[in-house]
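One structure below.
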Amino acid sequence: MSYRLQARISGEGFIETYRREVQEGILRAGDKLPSERELAAQYNVARNTVRRWLDSLERDGMIVRLQGAGAFVASQQDKTASAVDILALLESMLAGSSPEEVLQVQSALEPQMAVHIVARATDAELGKLEHYLQEVERSRSIAEFEHADKQLHRAICAATHNRLLITLLEIINLLRHDTVWGVLRSRGEVLAKRETYEYQHRAIVTALRNRNAEEAAAAIRAHVRTVHDEVIPAK
């Protein structure tokens, strides 16, 4: 079988599977699809092939793609004006938020997730935070540190078990790495401050594993404040 024919058959299988899982409710509106890289590996095709599949689903209104955030299952009902407005707002945030704006929202929202995590997270989920924390601590380069940091933040967000909150926090996480970490990287301060960041990460994870929401919220606020002071010059 030629590679091109295999890609076509794989594409038909992917799109058919996607449509079936949407119809059966396995995939629901708002669910995030795997990345292009993950789909390419799963179906043994090139990423540009996966991109064409996603283009087809997007043209048919089956998915919504947001720059920097990925592809999401679209509502199969007619889009209301409010849904269109929400997508426009998300695209605007992804395109134009400043580091200070991101940190302000992060400071207001992230400490609140501690209460949800302490109340809802399983012991297994809290145990995974230790794994991701160790990945941060084992990182050697800026790229490794940023990737591990993002994974840790995602695991903390997922432990809230609140889909809307997880989505909002994921947007903040993406913006934070595009803006806040961009400033720190340009100044060469990511690795220079890693000992402080790692100490604060461990304080957050320890408090969550002990199911102490108050200590976890305080540790999160301290971490955001430290990053803010590094990114935003004192006036």
Tell me the residue from ARG187, ARG176, ARG194 that is among the charged types (D, E, K, R), open to solvent by less than 20 Å² (accessible area, probe 1.4 Å) and modelled with pLDDT under 80, please. ARG176
Within segment 46-60, is even one residue open to solvent by less than 30 Å² (accessible area, probe 1.4 Å), modelled with pLDDT of 85 or more, assigned to a helix (DSSP H, G or I) and farther than 17 Å from VAL22 by Cβ? yes
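Does ARG211 count as under 20 Å from MET113 (Cβ atoms) and modelled with pLDDT of 95 or more?
Numbers: under 20 Å from MET113 (Cβ atoms): yes; modelled with pLDDT of 95 or more: yes.
When the stated conditions are applied, ARG211 passes them.
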Considering only residues that are free of Cβ contacts under 8 Å to residues at least 24 places away in the same chain and of a type outside the set (Lys, Arg), look in segment 123-138 and name the one that is farthest from GLU214 (Cα to Cα). GLU135
Residues located in segment 95-125, provided they are open to solvent by less than 70 Å² (accessible area, probe 1.4 Å), small (Gly, Ala, Ser), in contact with a helix residue (DSSP H, G or I) (Cβ under 9 Å, 6 or more places away or on another chain) and part of a helix (DSSP H, G or I): SER107, ALA114
Exactly one condition in (1) β-branched (Val, Ile, Thr); (2) over 20 Å from ALA222 (Cβ atoms); (3) touching a residue at least 60 places away in the same chain (Cβ under 8 Å) is false for VAL118; which is it? (2)
Cβ pairs under 6 Å, 6+ apart, first in segment 207-234 and in a helix (DSSP H, G or I), second of a type in the set (D, E, K, R) and open to solvent by 80 Å² or more (accessible area, probe 1.4 Å): ALA207/GLU215
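Residue by residue through segment 30-45, note down the ones that are open to solvent by 60 Å² or more (accessible area, probe 1.4 Å) and closer than 19 Å to LEU66 by Cα. Lay out the reasoning, then the answer.
Restricting attention to segment 30-45, the residues satisfying the condition of being open to solvent by 60 Å² or more (accessible area, probe 1.4 Å) are 32, 34, 37-38, 41-42, 44.
Listed by number, the residues that qualify are LYS32, PRO34, ARG37, GLU38.
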Take segment 126-155 and flag every residue that is over 16 Å from the mean Cα position of the chain (by Cα), open to solvent by less than 50 Å² (accessible area, probe 1.4 Å) and charged (D, E, K, R). GLU130
So in segment 156-165, with the set limited to residues that are open to solvent by less than 30 Å² (accessible area, probe 1.4 Å) and part of a helix (DSSP H, G or I), which one is modelled with the lowest pLDDT? LEU165
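The values are calculated or read from the model by the stated rules, or taken from the named source; none is laboratory data. Bear in mind the structure is a predicted one, so any value in this text is a computation, not a measurement. Heads up, the Cβs are rebuilt from the backbone with ideal geometry, glycines too, and the neighbour counts pull from every protein chain shown. Side chains are part of the model used for accessible areas, which takes the heavy atoms of the whole protein and leaves out ligands, DNA and RNA. Shrake-Rupley method; radii C 1.70, N 1.55, O 1.52, S 1.80 Å.
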